Structure formats: C-alpha cells, structure tokens
Amino acid sequence: MDSAKNILNEEDDVDLTPMIDVTFLLLIYFMVTTMLKQPEAELSIQLPGKPQSSDITPMDMLNVKIGDQGEVYLNGSEIEDGLDFEMPDLVSNLKVQKGMRDQLISSGAKTKAEAELKVQIESSGIAEHQSAISVLNACSEAGVEKVTFSF
C-alpha cells in the first residue's frame, strides 16, 4: 500500500522547452514562407475608364444573342450552326470582322481604340450555359479579346 500511495502523491513534471522550440520554429517557418501582398498602386494595370481624348468614336460592337433553344444570332441574323458546339459559321464571321478591323488599324485609317473588335453577348434566361460557352470559345478562336455580357 505504501508504494500505491507514493505513486498517487507524485507529481509529474512536464517539460515545456521542446513545445516552445517547436512553436518558434513554426513561427519562423510561416514568417519566411509567407508572401506579402503587393500594394495595388504598384501593379501595372490600366483600369477601364473614360478614353483620354473625347474625339474617339469607337466602331459598333457585334451583338451575339443566344435564344431560348440555344440558337445564335449575330447582329440580328441567325447563325445556321447555332446548335453545333464548334460554331464554324460564327467563327468565320468573327474572323472576317476582325480582319477588316485589323486592316483599318494597320492602314492607319482608324486607331486601335476606334476599330478594335468588341463582342457583346446577350443570352436568354433559359438558354443552356453550353451555348454561351460555345460562343465564348468561338470568340477566342477568332481572336476576339474584348467580350462583354449584357442582360
């Protein structure tokens, strides 16, 4: 009984030194590996805004409308391959438009701000999302860089 009393009366000592060492090592690790956020003022991004000169009159955007059943209209004219995911007719129309506008820019008749091809996509509320993705893929394949959505 005496030995059981001695065991119950003994107090265990916990050495906190290794735990403190590990805590400091973790703190140092996270301080070294953390990347500080770069202030937005140092980023070289040009945000959209008003054009610098007011005499710039950009050419009209191309309007692509997606109907309820996924049919595609370009400036009011129906594209025959609206239900085809590849949309070769839309791609060829966009390439022709882009080529004409690029020719105006390269000849100096218009500036890039005036003649750059911009596409506005208007999708029906009940059209499948795949139709909008197919139109975006067609724009990408045609080299269109400026695409907006309208509701």
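Here, each number is a calculation from the coordinates, and none is a lab measurement. Since this is a predicted model, take the numbers as computed values, not measurements. Because the Cβ atoms are built from the backbone with ideal geometry, glycine has one as well, and the counts that use them run over all protein chains shown.
In this structure, the pairs whose alpha-carbon distance is over 22 Å, taken from K37/K118; K37/K146; K95/K118; K65/K110; K65/K112, are K37/K118; K37/K146; K65/K110; K65/K112.
If you take the beta carbon distance between N63 and L36 as r and set R0 to 35 Å, what does 1/(1 + (r/R0)^6) give as a FRET efficiency, to the nearest 0.05? The pair N63/L36 has a calculated efficiency of 0.20. Region 76-117 and region 125-151 have their alpha-carbon centroids 14 Å apart. Of the residues I121, A138, T111, the one whose Cα sits farthest toward the positive end of the charge dipole of region 105-151, with +1 on the Cβ of Lys and Arg and -1 on the Cβ of Asp and Glu, is T111. FRET efficiency for the pair E86 and S107, taken as 1/(1 + (r/R0)^6) with r the Cβ-Cβ distance and R0 = 25 Å, rounds to 0.20. For the pair I126 and N75, label points projected 7 Å from Cα toward Cβ lie 3.1 nm apart.
Label-to-label distance for E11 and E145 is 7.4 nm, based on points extended 7 Å past Cα in the beta-carbon direction. When S123, S107, S92 are arranged by Cβ crowding within 10 Å, least crowded first, meaning fewest neighbours, the order is S107, S92, S123. With neighbours defined as other Cβ atoms within 10 Å of a residue's Cβ, the residues V72, V96, V119 order from fewest to most as V96, V119, V72. Remark: M87, M61, M100, M35 ranked as M35, M100, M61, M87, counting other beta-carbon atoms within 10 Å and listing the fewest first.
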